[in-house]
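The values are calculated or read from the model by the stated rules, or taken from the named source; none is laboratory data. Because the structure is a prediction, the values reported are computed rather than measured. A quick note on method: Cβ atoms are made from the backbone with ideal geometry, for glycine too, and the neighbour counts reach across all protein chains shown.
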Amino acid sequence: MKFYKMNGLANNFYVFDLRESHNNYNIKELFDLTKLDFDQLINIKTSVKADCFMEIYNIDGNKVEACGNATRCVAKILCAEKKANSVTIETTNRILKAIKIDDDYQVNMGKANLDWHKIPLLKKLTKEELSLLEKPKFSFVNCVNIGNPHIIFLTNNLDEVQLDKEVSYIEKHKYFPEGININIAEIIDKENIRLKTWERGAGATKACGTGACATFYAIYKEGLIASNANLIMPGGELKISLNKAEDIFMQGDANLEKAFK
């Protein structure tokens, strides 16, 4: 079995290639190989619909639906393997197309969803009800599903935000039956946004690809930014853009740290 230590914007992954494995590994066995030195654990499996199926686990052992930074890492493996500049990756709820652009990888993340039952929320909630979750220095923007659920707030001073003390409780709030990722953003100008994310089941991470996409889309729908912007996170920067069909594109790095056999 081959596996890899990788990162996208310092968001750390172990990626296990299980496509040719004859062993039925359980998740605990794979966790034991990593010494829990990761943000997410990724399994690559065979797919009849795409070049592979991507399975994602948080460090708490729970399976999740999407991870943008991990998608770019898997795309890097597949592009090198196939000697190709484009690949497709099946996830739990969508098929993603990734292309290699110089040293970066761009992924068409598909369309974002604002419907309350798709996020999902406990019930249909007004913005006023959801605004009750905000702290005095935050303002609620919206909830978005981009393969996984996100809530977005704006602040005027991101440097002062302490995710663990100020927003972590929202992750398991009763409004969100499947939990939620929390994004706090500061708009610098029409094309630049700073962002911190508290990830469901992982805590504060240095970058979150789906969080960047969800934050971009929520703020764009408010008319506050252009249709392409740089999302600047502690681990680095992603280029996020939107086409006329409202497909969201995410572009950034993917780094191989070590390969194991």
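If you take the residues in region 176-196 that are of a type outside the set (A, V, I, L, M) and in contact (Cβ under 8 Å) with a residue 40 or more places away in the chain, which one is surrounded by the most Cβ atoms within 10 Å (Cβ to Cβ)? Among residues in region 176-196 that are of a type outside the set (A, V, I, L, M) and in contact (Cβ under 8 Å) with a residue 40 or more places away in the chain, the one surrounded by the most Cβ atoms within 10 Å (Cβ to Cβ) is Phe176. Within region 208-217, the presence of a residue that is more than 30 Å from Thr34 (Cα to Cα) and surrounded by fewer than 20 Cβ atoms within 10 Å (Cβ to Cβ) is excluded.
Just one of the listed residues (Val74, Val15) is part of a strand (DSSP E or B), in contact (Cβ under 8 Å) with a residue 40 or more places away in the chain and of a type in the set (A, V, I, L, M, F, W, C), namely Val15. Looking across region 218-237, the residues that are out of contact with any Asp or Glu (no Cβ under 8 Å at 6 or more places or on another chain) and either touching a residue at least 40 places away in the same chain (Cβ under 8 Å) or of a type outside the set (Ser, Thr, Tyr) (or both) come down to Ala218, Ile219, Lys221, Glu222, Gly223, Leu224, Ile232, Met233, Pro234, Gly235, Glu237. Residue count for region 142-187, restricted to those that are aromatic (Phe, Trp, Tyr) and outside any loop (DSSP other than H, G, I, E, B): 2. Kindly indicate whether any position in region 75-87 is assigned by TED's automatic domain parsing to the domain that holds Thr46 and among the β-branched types (Val, Ile, Thr). The answer is yes; a qualifying residue exists. Every condition in (1) free of Cβ contacts under 8 Å to residues at least 40 places away in the same chain; (2) of a type outside the set (Gly, Ala, Ser); (3) more than 30 Å from Leu30 (Cα to Cα); (4) surrounded by 15 or more Cβ atoms within 10 Å (Cβ to Cβ) is met by Asp115 except one, and the failing one is (4). Do we find that Ala218 is modelled with pLDDT of 95 or more, in a loop (DSSP other than H, G, I, E, B) and within 25 Å of Gly236 (Cβ to Cβ) in this structure? The answer is no for Ala218. Asn23: part of a strand (DSSP E or B), of a type outside the set (Val, Ile, Thr) and either surrounded by fewer than 22 Cβ atoms within 10 Å (Cβ to Cβ) or in contact with a helix residue (DSSP H, G or I) (Cβ under 9 Å, 6 or more places away or on another chain) (or both), yes or no? When the stated conditions are applied, Asn23 does not pass them.
Residues of region 132-141 that are free of Cβ contacts under 8 Å to residues at least 40 places away in the same chain and not in a loop (DSSP other than H, G, I, E, B): Ser139, Phe140.
Of the residues Ala204, Ala259, the single one that is of a type in the set (A, V, I, L, M), in a strand (DSSP E or B), surrounded by fewer than 23 Cβ atoms within 10 Å (Cβ to Cβ) and within 14 Å of the chain's Cα centre (by Cα) is Ala204.
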